[in-house]
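A.B. asks: One structure follows; several queries about it will come next.
The values are calculated or read from the model by the stated rules, or taken from the named source; none is laboratory data. From a predicted model like this one, the values you see are computed outputs, not experimental measurements. A quick note on method: Cβ atoms are made from the backbone with ideal geometry, for glycine too, and the neighbour counts reach across all protein chains shown.
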Amino acid sequence: MTAIDYSSRIPNNVNLDGDRRLQRALENWQPRFDDWWMEMGPEGFQQSEVYLRTAVDVGKEGWAHFGHVKMPDYRWGIFLSHADDDRKIGFGDLKGESVWQEVPGEFRTDLRRLIVVQGDTEPASVEQQRHLGATAPSLYDLRNLFQVNVEEGRHLWAMVYLLHGYFGRDGRDEADAMLERRSGDPDQPRILGAFNEETPDWLSFYMFTYFTDRDGKYQLGALRESAFDPLSRTCDFMLKEEAHHMFVGASGIGRVVQRTSELMNDNNTDDVEPHGGINLTTLQRYINFHYSVSLDLFGSERSTNAANYFAAGLKGRFAEDAFEDDHVLMGHEGTYTTVADGVFVNETMTARALVNQDLRKGYSDDCEKGLRRWNRVLADHGIEFEFTLPHHGFHRDVGAFADHHVSPDGAILSDDEWEAGIDQWLPSAAERAHVGSLMVPQLEAGKMAAWIAPPSSGINTRPVEFDYVRV
Ligand SMILES: [Fe+2]
Ligand SMILES: [Fe+2]
C-alpha cells in the first residue's frame with residue numbers, strides 16, 4: 001500500500017501512476033466531474049474559503065488535514081483503507097476462501113449494480129442540498145454543509161474508481177451516467193426514491209444527515225464485508241468520513257431541541273412558533289418522515305437479490321462478525337412481519353432472504369440512540385415529551401407494508417383513517433412553510449439563527465466563533 005500521493009492530478013493511494021490507462025481514463029472523467037460540481041454543487045460560495053478537512057492518510061490516527069480552501073480547489077481523490085493480505089471471505093457459500101482482487105465474471109453484473117446504486121446516492125445528496133448555503137444558520141453550519149458536500153463528491157470518486165478500474169467499458173459508461181442523472185429530474189432521476197426528494201430547509205438537512213446518511217453507513221458497512229476486496233477497502237475509508245455527516249445531523253437536531261426547550265421554558269408555552277422556534281410536534285413529524293423514507297432504502301425485508309448477494313459473498317450484514325451465527329445461514333430460518341387480511345402476521349422463511357431486514361433492524365437500533373440523546377435534552381429542561389421512532393410499517397413505499405397504511409404506533413388503518421391522521425403524523429404544508437420562514441441566513445462569525453442553539457464546541461478545536469467560511 002502506497003501513501004497518499006498528492007503530486008498527481010488525482011490524489012490517490014492506489015498507485016495510479018503505475019496504471020497509465022486507468023489514469024488517463026480517470027483524468028478524462030475529472031474535468032466532467034468539475035463541470036458537474038460547478039453546475040450542480042453548492043450554489044454560491046464557490047469562491048469563498050472554507051475551513052475543510054482533506055484526507056491525507058488512511059491510517060487510524062491523524063488522517064485529516066484542516067485548512068481554508070475554495071471548494072473547487074478541494075483535492076478529490078481515491079483513497080482505500082490498507083489491505084489485509086490474509087483477508088478471507090467472512091460469510092456466504094465461499095466463507096473462508098481468500099477474498100478477490102479482481103471481479104469474478106459470474107458476479108460482474110451484480111457487483112457493478114451494487115456499486116452503481118451506492119455511487120449514485122453520493123452526487124444525488126449534493127444536488128439535493130445545493131440551495132442550502134443561502135440560508136445557513138451560522139458560518140459553523142455552512143462549513144459543515146460544505147464539508148459534507150465535498151466528501152459526498154469524494155465518495156462519488158471512490159465508486160467511479162472501482163467502475164473504471166474493474167469494469168472496463170461498461171464501468172466507464174456507468175461512471176459517465178453518474179454525472180448525467182439529476183436528483184428530482186423527471187427524465188433522468190437518481191436511482192433511489194429518497195434521493196430525488198428536495199432538501200428544502202436546514203431542519204430537513206439535519207434530518208437527512210441523521211437518518212439518510214445513516215442508511216449510507218449501514219449500506220457501506222454491508223459492502224465493507226464484500227469478498228471483492230477493493231470494494232471492501234473503499235467502503236471502509238468512506239465510513240470514516242461518513243461519521244462526521246451523521247454527527248452534523250445528530251448535533252444539529254440536538255441543538256434545535258435545545259433551543260425549542262429554552263423557548264418553551266422562557267415563554268411558558270408548548271407553542272414556540274410565535275417566538276421564532278420549531279415546535280416539538282413538528283420535530284416529531286420530521287423524524288417520522290425522514291425515518292420512514294430512509295427505511296425504504298433498505299429494500300424489501302424479504303429479498304431474493306439480497307439472499308443471492310449474501311450467498312455469493314458480495315454484500316454481507318453490517319458488522320458481520322458480530323452476528324452470533326455461522327455466517328453461512330444455510331438451512332437457517334427467520335421470521336418477518338407482513339399484513340394479511342388486515343392483521344399483522346409473522347411469516348417464516350430462509351434467513352438468507354431476510355438479510356435486508358437484519359440490516360434494517362441494526363439501523364433502527366442505531367437511530368434510537370439519537371432519540372435518547374434528544375430526549376435527555378428535554379428531560380434536562382423539565383419538559384415532559386419524548387421523541388419516538390414510528391413503527392417500521394409506517395409510511396412505507398417499499399417492502400411488506402407498501403400496500404398498507406400503518407400508524408406511527410403500529411395500528412393498521414383504513415384509507416379513511418390514514419387520510420384523517422396524516423397531518424398529525426407527517427409535516428403539513430403549513431408546518432413546512434413555517435420552518436421555511438425561519439430560514440434566514442446568519443453569516444456573522446459566532447452568531448446563530450434564532451431557531452437553533454450554538455454547538456457545544458467548534459471544529460478541530462477551533463472556537464465556535466471562528467471564521468469557518470470567509471464569505
Ligand atoms: Fe457518502
Ligand atoms: Fe454522507
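Residues are listed down the side, and each one gets a yes or a no for (1) of a type in the set (D, E, K, R); (2) at pLDDT 95 or above; (3) buried (at least 24 other Cβ atoms within 10 Å of the Cβ); (4) within 27 Å of LEU359 (Cα to Cα):
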{"residue": "THR135", "(1), (2), (3), (4)": "no, yes, no, no"}
{"residue": "ASP141", "(1), (2), (3), (4)": "yes, yes, yes, no"}
{"residue": "GLY165", "(1), (2), (3), (4)": "no, yes, no, no"}
{"residue": "THR209", "(1), (2), (3), (4)": "no, yes, yes, yes"}
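A.B. asks: Determine whether region 326-340 contains at least one residue that is out of contact with any Cys (no Cβ under 9 Å at 6 or more places or on another chain), at pLDDT 95 or above, part of a helix (DSSP H, G or I) and of a type outside the set (S, T, N, Q).
C.D. replies: Checking region 326-340: not a single residue is out of contact with any Cys (no Cβ under 9 Å at 6 or more places or on another chain), at pLDDT 95 or above, part of a helix (DSSP H, G or I) and of a type outside the set (S, T, N, Q).
A.B. asks: Within region 366-385, how many residues are among the small types (Gly, Ala, Ser) and part of a helix (DSSP H, G or I)?
C.D. replies: Restricting attention to region 366-385, the residues satisfying the condition of being among the small types (Gly, Ala, Ser) are 370, 379, 382.
If we keep only those that are part of a helix (DSSP H, G or I) too, we end up with 370, 379.
Total satisfying the criteria: 2.
A.B. asks: Which is within 16 Å of ligand 2 (Cβ to nearest atom), farther than 28 Å from TRP100 by Cβ and either in contact with a Phe, Trp or Tyr (Cβ under 9 Å, 6 or more places away or on another chain) or aliphatic (A, V, I, L, M) (or both), of VAL272, VAL257, VAL248?
C.D. replies: VAL248
A.B. asks: Out of the residues in region 206-242 that are touching a residue at least 60 places away in the same chain (Cβ under 8 Å) and among the aliphatic types (A, V, I, L, M), which is nearest to ligand 1 (Cβ to nearest atom)?
C.D. replies: Filtering region 206-242 for residues that are touching a residue at least 60 places away in the same chain (Cβ under 8 Å) and among the aliphatic types (A, V, I, L, M), the one nearest to ligand 1 (Cβ to nearest atom) comes out as MET238.
A.B. asks: Of all residues being surrounded by fewer than 18 Cβ atoms within 10 Å (Cβ to Cβ) and of a type in the set (D, E, K, R) in region 392-431, which is nearest to the chain's Cα centre (by Cα)? Just the residue, please.
C.D. replies: Of everything passing the filter in region 392-431, ASP397 is nearest to the chain's Cα centre (by Cα).
A.B. asks: What are the residue pairs meeting all of these: first residue in region 362-386, first residue modelled with pLDDT of 95 or more, second residue in a helix (DSSP H, G or I) and among the acidic types (Asp, Glu), Cβ atoms under 7 Å, and 6 or more apart or on different chains?
C.D. replies: Once the first residue is modelled with pLDDT of 95 or more and sits in region 362-386, its partners that are in a helix (DSSP H, G or I) and among the acidic types (Asp, Glu) give TYR363/ASP215.
A.B. asks: Report, ordered by the first and then the second residue, all pairs with beta carbons closer than 6 Å, sequence separation of six or more or different chains, a first member in region 123-138 that is closer than 18 Å to PRO189 by Cβ, and a second member that is of a type in the set (Asp, Glu) and within 15 Å of ligand 2 (Cβ to nearest atom).
C.D. replies: From residues that are closer than 18 Å to PRO189 by Cβ, the pairs are SER125/GLU152; VAL126/GLU152.
Residues are listed down the side, and each one gets a yes or a no for (1) charged (D, E, K, R); (2) touching an Asp or Glu at 6+ places or on another chain (Cβ under 8 Å):
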position: TRP76; (1), (2): no, no
position: PHE79; (1), (2): no, no
position: ASP84; (1), (2): yes, no
position: LEU94; (1), (2): no, no
position: TRP100; (1), (2): no, yes
position: VAL103; (1), (2): no, no
position: ARG108; (1), (2): yes, no
position: VAL116; (1), (2): no, yes
position: PRO123; (1), (2): no, yes
